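Visitor: What follows is a structure written as structure tokens; I'll ask about it next.
The values are calculated or read from the model by the stated rules, or taken from the named source; none is laboratory data. All figures in this text were calculated on a predicted structure; none of them were measured in a lab. Note: ideal-geometry Cβ built from the backbone for every residue, glycine included; neighbour counts use all protein chains shown. Each accessible area value is taken on the protein alone, full model and side chains, heavy atoms only, with ligands, DNA and RNA left out. Shrake-Rupley method; radii C 1.70, N 1.55, O 1.52, S 1.80 Å.
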Amino acid sequence: MTNIIPISDIRKVAQRPLPQAEYTPGRPLVDQLGRALRDLRISITDKCNFRCSYCMPRDQFGSDHVFLPHSQILSFEEITRMARLFAQLGVNKLRITGGEPLLRKEMTRLIAMLAQIRDLEDKPLDIALTTNGTLLQRLAVPLRDAGLERITVSLDALDPDLFRQMSDTKIHVDQVLAGIEAAQQAGITPIKINMVVKKGVNEHQIVPMAEYFRHSGHILRFIEFMDVGVTNHWDMTDVVSGREILQQLQARFELEPVHANYPGEVAKRWRYKDGGGEVGLITSVTHAFCGDCTRLRMSPEGKLFTCLFADQGFDLRALLRSAATDHDIAGALAGIWTGRADRYSELRDQLSGKREKIEMSYIGG
């Protein structure tokens with residue numbers, strides 16, 4: 001079993017010296033395994049109003065947990081500067097995450113700032129948000145008006161008691177469902193619903209979730225319980241495999257496979273033969289997709305991670321708050337990506353239990 005280190009120490013160990021690389025402005029970057037840089041996931045807060053056991057368990061993130069002070073997290077201007085530089089290096093998709101990103105004040109101002117950035121083809125960036133949905137009723141329209149294009153909502157159960165148990169909250173599941181409805185009414189479509197499936201906990205909700213979201217226009221995605229971080233007591237015996245999830249679905253519905261929308265799409269797509277929409281399977285445990293991973297992740301205080309399962313990151317905030325020019329920072333970003341060779345999920349059997357990994361609540365999913 002992986003040794004659990006105090007949460008207060010996790011951020012301290014996550015630092016690596018910044019590399020530098022020569023790069024040609026306007027040309028996409030490629031890493032050591034030939035993967036192009038396309039996606040940047042930006043965690044804008046380490047705070048959340050849920051305490052999900054697989055992400056932010058209360059025994060580790062209790063009332064005495066110290067979150068990052070505001071002075072340490074990146075300002076909206078710093079985030080926008082980084083996003084603009086990444087766009088010049090090939091990024092065309094931004095996903096805003098947390099924690100719960102909608103807890104960050106004036107979120108719509110950040111979305112509006114990011115919406116002004118253009119990619120290498122002079123097109124607006126694809127801006128998405130991952131949220132637990134509890135604040136969407138109030139914010140869906142302002143977010144859309146600011147330029148948000150897509151939303152993913154995390155929802156692990158429809159049963160109210162099980163929902164409260166898994167999210168460790170007093171919030172009712174109806175509040176999340178109302179948030180999804182508000183986003184749909186605001187015109188943010190399609191909406192993706194992410195369900196983490198844990199054996200012995202909520203696998204009996206697979207079919208009810210599929211029934212509920214069929215014909216809704218939303219895309220339900222089932223996610224294998226992953227060994228992100230060191231606090232969720234992950235064990236392989238708790239994983240409901242993508243194959244097992246698909247077997248449950250196929251016992252109830254007629255499904256057929258669908259080709260990926262684009263290279264590097266994380267979910268394997270299946271659609272209902274009766275036209276009821278589609279579902280996705282995200283199987284990073286039993287069927288790794290490292291080979292076409294195009295993603296980087298940035299933490300709230302500006303550390304950059306080259307893998308969801310990383311144990312170290314690169315400190316960009318020090319550069320941002322120094323006299324470094326855009327050229328200096330872009331050179332560091334190019335060095336990070338061109339030196340990247342991560343493929344943790346493909347090597348899990350050899351590496352599991354031998355490293356301390358950064359928490360999901362800290363760098364987003």
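Visitor: In whole percent, what relative contact order does the chain give with Cα contacts below 8 Å and a gap of six or more residues? Please report the intermediate quantities before stating the final value.
Guide: Working: 743 pairs, mean separation 94.3, N = 365.
Result for the chain is 26 percent.
Visitor: Also: May I ask you to order 20-33, 330-343, 117-130 by the average number of other C-beta atoms within 10 Å around their residues, highest value first?
Guide: Output ranking for 20-33, 330-343, 117-130: 330-343, 117-130, 20-33.
Visitor: First compute the accessible area of the chain with a 1.4 Å probe, then give the percent of it belonging to carbon and sulfur atoms. Before the final figure, lay out each step's value.
Guide: On the way: 7710 of 15750 Å².
The value for the chain is 49 percent carbon and sulfur by accessible area.
Visitor: Is there a quick way to get the dipole size of the range 172-246? I mean about its Cα centre, with the Cβ of Lys and Arg at +1 and of Asp and Glu at -1; what is the value in debye to the nearest 20?
Guide: Numbers: 6 positive and 9 negative charges, 44 e Å.
Computed about the Cα centre, the dipole is about 200 debye.
Visitor: Can you list residues from other chains, or at least 5 along the same chain, whose modelled amide H is less than 5 Å from the amide H of Arg95?
Guide: Hits under the 5 Å cutoff: Leu40, Arg41, Ile42, Ala128.
Visitor: Quote the FRET efficiency, to the nearest 0.05, computed for Lys273 versus Glu203 with a Förster distance R0 of 25 Å and r equal to the Cβ-Cβ distance. Could you put the intermediate results ahead of the total?
Guide: Values: r = 24 Å, r/R0 = 0.94.
The calculated FRET efficiency here is 0.60.
Visitor: State log₁₀ I(q)/I(0) for the range 200-260 at q = 0.14 Å⁻¹ as given by the Debye formula over alpha-carbon point scatterers of equal weight, solvent excluded.
Guide: Relative scattering, expressed as log10 I(q)/I(0), comes to -0.49.
Visitor: In 10 Å bins starting at zero, report the fraction of Cα pairs in the chain per bin as a rounded %.
Guide: 5, 24, 35, 27, 8, 1, 0
Visitor: Positive end of the charge dipole of the chain (Lys, Arg +1 and Asp, Glu -1 on Cβ, about the Cα centre): tell me which of His215, Gly280, Gln184 has its Cα farthest that way.
Guide: Going by the Cα projections, it comes out as Gln184.
Visitor: Let me ask another. How many angstrom separate the Cα center of the range 46-105 from the Cα center of the range 269-337?
Guide: Each part's Cα centre sits 13 Å from the other's.
Visitor: Output needed: Cys residues of the chain lacking any neighbouring Cys C-beta below 4.7 Å, sorted by number.
Guide: That list is Cys48, Cys290, Cys293, Cys307.
Visitor: Related question: Stretch Leu33-Gln185 to full length: gain in nm at 0.36 nm per residue minus the Cα-Cα span?
Guide: On the way: separation 152, 0.36 × 152 = 54.72 nm, distance 4.20 nm.
Difference between extended and current length: 50.5 nm.
Visitor: Rounded to the nearest 20 Debye, what is the dipole magnitude of the chain about its Cα centre when Lys and Arg each give +1 and Asp and Glu each give -1 at the C-beta? Kindly include the intermediate steps, with their values, before the conclusion.
Guide: Details: 46 positive and 46 negative charges, 91 e Å.
Here the chain has a charge dipole of around 440 debye.
Visitor: Compute the length gained on full extension between Ala21 and Gln312: take 0.36 nm times their separation in residues and subtract their Cα-Cα distance, giving the result in nm to one decimal.
Guide: 102.8 nm
Visitor: If you don't mind, there's one more thing I want to ask. Sequence gap of 8 or more, or different chains, plus Cα separation below 16 Å: how many lysine pairs satisfy both in the chain? If you can, show how the numbers build up before the last one.
Guide: Values: Lys12/Lys303; Lys12/Lys357; Lys47/Lys105; Lys93/Lys123; Lys93/Lys192; Lys192/Lys268; Lys303/Lys357.
Final tally of qualifying lysine pairs is 7.
Visitor: Place a +1 charge on the Cβ of each Lys and Arg in the range 226-293 and a -1 charge on the Cβ of each Asp and Glu, then give the dipole magnitude about the Cα centre in debye, rounded to the nearest 20.
Guide: The dipole of the range 226-293 has a size of about 200 debye.
Visitor: Separate question: Which whole-angstrom value gives the distance between the alpha carbon centres of the range 180-203 and the range 140-179?
Guide: Value for the Cα centre distance between the two parts: 7 Å.
Visitor: What length, rounded to one decimal in nm, is gained on full extension from Arg109 through to Thr237, with 0.36 nm per residue of separation minus their alpha-carbon distance?
Guide: Numbers: separation 128, 0.36 × 128 = 46.08 nm, distance 4.34 nm.
Computed gain between Arg109 and Thr237 is 41.7 nm.
Visitor: Tell me, what HN-Hα J-couplings in whole Hz come from the Karplus equation 6.51 cos²θ - 1.76 cosθ + 1.60 at θ = phi - 60° for each residue of the range 144-157, using x for Gly and Pro?
Guide: Along the range 144-157, the couplings run 4, 5, 7, x, 5, 9, 9, 9, 10, 10, 7, 8, 9, 6 Hz.
Visitor: Could you give the accessible area per residue of the chain, probe 1.4 Å, as a whole number in Å²?
Guide: On the way: 15750 Å² over 365 residues.
So the chain comes to 43 Å² accessible per residue, rounded to a whole number.
Visitor: Only Cα pairs within less than 10 Å get springs; with that Gaussian network setup on the chain, which residue of Thr97, Thr283, Thr237 has the largest fluctuation?
Guide: Thr237
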